[in-house]
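*Asks:* One structure coming up, written as C-alpha cells, with questions to follow.
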Amino acid sequence: QVQLVESGGGSVQAGGSLRLSCLASGDTYGAYCMAWFRQAPGKEREGVAHVNSDGTPNYADSVKGRFTISQDNAKSSNYLQMNSLKPEDTAMYYCASKRKVLGSCIGGGLTLSAYSYWGQGTQITVST
C-alpha cells in the first residue's frame, strides 16, 4: 500500500504559476502509476495529467500546454507544474496512484475509477 501527500497548493493571480508535489511512501514508488485529478465545487472530479508506462506524459485538453507532470523516482515524488493559471483552474487537486500491472499503466490514464490510492487534496485558487 502507498500513502500519498500533496503539497504546494495556494492562491495565485491569473497568469501565475504554482507547482504541486505528491510525496509517496509505504511502498516502492516505481510500482505505481501516478496521476493528478482536480475537482471544483459542484463539478465532477476530472483527470488533469498522468504518466504512461514509458514515462510519456499526457494531459487533459484544458491544461495542455500549460501544465507539466514530472517524476522523480529517487524522491518517490511526482510534480505538477502549473503555468498560465486561469480562474477555471480553481479546484481541489488530488494526487492519485494505482499499481502497475505487469509493469504497465495501461488502463489508468485519466480514468477516475482506475486509481486506488488518493492523497488528501490541496486547494488551488486562481483569482482574476
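The values are calculated or read from the model by the stated rules, or taken from the named source; none is laboratory data. Predicted, not measured: the structure shown is a model, and the values here were computed from it. Because the Cβ atoms are built from the backbone with ideal geometry, glycine has one as well, and the counts that use them run over all protein chains shown. We work out accessible area using only protein heavy atoms, side chains counted, and drop any ligands, DNA or RNA first. Shrake-Rupley method; radii C 1.70, N 1.55, O 1.52, S 1.80 Å.
*Asks:* Given a 1.4 angstrom probe, I'd like the percentage of the accessible area of the chain that is carbon and sulfur, rounded to a whole number.
*Replies:* On the way: 3130 of 6310 Å².
That share works out to 50 percent.
*Asks:* Mind checking the dipole of the stretch 49-119: about its Cα centre, +1 per Lys or Arg Cβ, -1 per Asp or Glu Cβ, Debye to the nearest 20? Don't skip to the end; give the middle numbers.
*Replies:* On the way: 7 positive and 5 negative charges, 34 e Å.
I would put it at about 160 debye.
*Asks:* Evaluate the stretch 65-128: find the radius of gyration of its Cα atoms, find its Kirkwood radius, and give the ratio Rg to Rh.
*Replies:* Working: Rg = 13.7 Å, Rh = 13.6 Å.
Taking Rh as the inverse mean 1/r over Cα pairs, Rg/Rh reads 1.00.
*Asks:* Roll a 1.4 Å probe over the protein chains and send me the accessible area per residue for the stretch 88-128 in Å².
*Replies:* 51 Å²
*Asks:* Sticking with this one: With θ taken as phi - 60° and the coefficients 6.51, -1.76 and 1.60, list the Karplus ³J(HN,Hα) couplings across the stretch 19-27 in order, rounded to whole Hz; mark glycine and proline as x.
*Replies:* 10, 9, 10, 10, 9, 9, 8, x, 7
*Asks:* Separate question: What are the ³J(HN,Hα) values, in whole Hz, obtained from phi via the Karplus relation 6.51 cos²θ - 1.76 cosθ + 1.60 with θ = phi - 60°, for each residue of the stretch 35-41 in sequence order, with x given for Gly and Pro?
*Replies:* Computed from phi, the couplings for the stretch 35-41 are 7, 10, 10, 9, 9, 8, x Hz.
*Asks:* Okay, next question. For the chain, just the Cα atoms, rotate onto the principal axes and tell me the three extents in Å, largest first.
*Replies:* Cα spread of the chain along its principal axes, largest to smallest: 45, 25, 24 Å.
*Asks:* Using the per-residue mean of other Cβ atoms lying within 10 Å as a proxy for protection, in what order, highest first, do the peptides 92-101, 70-79, 56-65 fall?
*Replies:* Working: 92-101: 20.9, 70-79: 15.6, 56-65: 13.7.
Ranked from most to least packed, the peptides come out as 92-101, 70-79, 56-65.
*Asks:* For the chain, give the magnitude of the charge dipole about the Cα centre (Cβ charges: +1 Lys/Arg, -1 Asp/Glu; no others), in debye to the nearest 20.
*Replies:* Numbers: 11 positive and 9 negative charges, 6 e Å.
It works out to roughly 20 debye.
*Asks:* Working out 0.36 nm times the residue gap between Thr68 and Trp118, then minus their Cα-Cα distance, what length gain in nm do you get to one decimal?
*Replies:* On the way: separation 50, 0.36 × 50 = 18.00 nm, distance 1.96 nm.
Net length gain for the segment: 16.0 nm.
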